[in-house]
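Below is one structure; the comments refer to it alone.
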Amino acid sequence: EAGVTQFPSHSVIEKGQTVTLRCDPISGHDNLYWYRRVMGKEIKFLLHFVKESKQDESGMPNNRFLAERTGGTYSTLKVQPAELEDSGVYFCASSQELGRAYEQYFGPGTRLTVT
Amino acid sequence: GESVGLHLPTLSVQEGDNSIINCAYSNSASDYFIWYKQESGKGPQFIIDIRSNMDKRQGQRVTVLLNKTVKHLSLQIAATQPGDSAVYFCAENNGQNFVFGPGTRLSVLP
């Protein structure tokens, strides 16, 4: 069974540009999470989808970040316009259990570098 | 993928020795905890979990201990192997989402 996949693995953009990250969860997993880790700091929760609905987006840093999960399958995370402090690694995770986030499976992450 | 951070606490152990990695969590209401292992260039990988109604849980070569009184979690790895070298994160579920600890780098010495 394929795990969580993320695309691209690495993105380098200039400040002010737009970037869209994609996450494909494990098939059948209704729960999808986005996290990010900025350099030298801990992994921080961004948001949680249950199917196509945003269950919790309390971790989204500001309105430059937009996450979508149309159809309840893959998800995208758009950063527009990107700022220097957005640089970091963005992880996606999925889990099967509804309601609680047990045993989340993580993707390899997308390293975003904003110059 | 990701190369792990440069300023993490580091634990160095001899191959074959036991490792103990500690984590302090913040929310006394958290009732579910996970340890993750992250190797360079990969995402966090689930190792073992424990619910708050337990004090100890054992897996294959790993044991997690939970002390709710002092909000402390530990991961014990028996007979540490070179393949155990990685960054280890604890995560607590506060009822809404997971909150991760800062991570500890485990280096296994030959």
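The values are calculated or read from the model by the stated rules, or taken from the named source; none is laboratory data. Please read all numbers here as calculations on a predicted model, not as lab measurements. Reconstructed Cβ throughout: ideal geometry from the backbone, glycine too, with neighbour counts over all protein chains shown. Accessible surface is based on the protein model in full, side chains and every heavy atom, while ligands, DNA and RNA are left aside. Shrake-Rupley method; radii C 1.70, N 1.55, O 1.52, S 1.80 Å.
Here are the numbers for this structure:
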{"item": "Matching option when the condition is open to solvent by less than 70 Å² (accessible area, probe 1.4 Å) and within 12 Å of chain A (Cβ to nearest Cβ), among B:Gly59, B:Gly43", "result": "B:Gly43"}
{"item": "Any chance A:Pro81 is over 10 Å from the mean Cα position of the chain (by Cα) and under 27 Å from B:Asp49 (Cβ atoms)", "result": "no"}
{"item": "Of residues in region B:87-110 being more than 11 Å from chain A (Cβ to nearest Cβ), in contact with an Asp or Glu (Cβ under 8 Å, 6 or more places away or on another chain) and open to solvent by 10 Å² or more (accessible area, probe 1.4 Å), the one farthest from B:Phe46 (Cα to Cα)", "result": "B:Pro110"}
{"item": "Tally, over region A:9-44, of residues that are open to solvent by less than 90 Å² (accessible area, probe 1.4 Å), more than 17 Å from A:Arg69 (Cα to Cα) and of a type outside the set (A, V, I, L, M)", "result": "9"}
{"item": "Strands (runs of 3 or more DSSP E) within region A:25-84 that include 2 or more residues among the charged types (D, E, K, R) and within 14 Å of chain B (Cβ to nearest Cβ)", "result": "A:31-37, A:53-56"}
{"item": "Any strands (runs of 3 or more DSSP E) falling wholly within region B:1-103 and containing at least 1 residues that are of a type outside the set (S, T, N, Q) and closer than 19 Å to A:Cys92 by Cβ", "result": "B:32-38, B:45-51, B:86-93, B:98-100"}
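The rows are residues; the columns are (1) open to solvent by 10 Å² or more (accessible area, probe 1.4 Å); (2) more than 13 Å from A:Val12 (Cα to Cα).
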site	(1), (2)
A:Asn62	yes, yes
A:Tyr74	yes, yes
A:Pro81	yes, yes
A:Asp86	no, no
A:Ser94	no, yes
A:Leu112	no, no
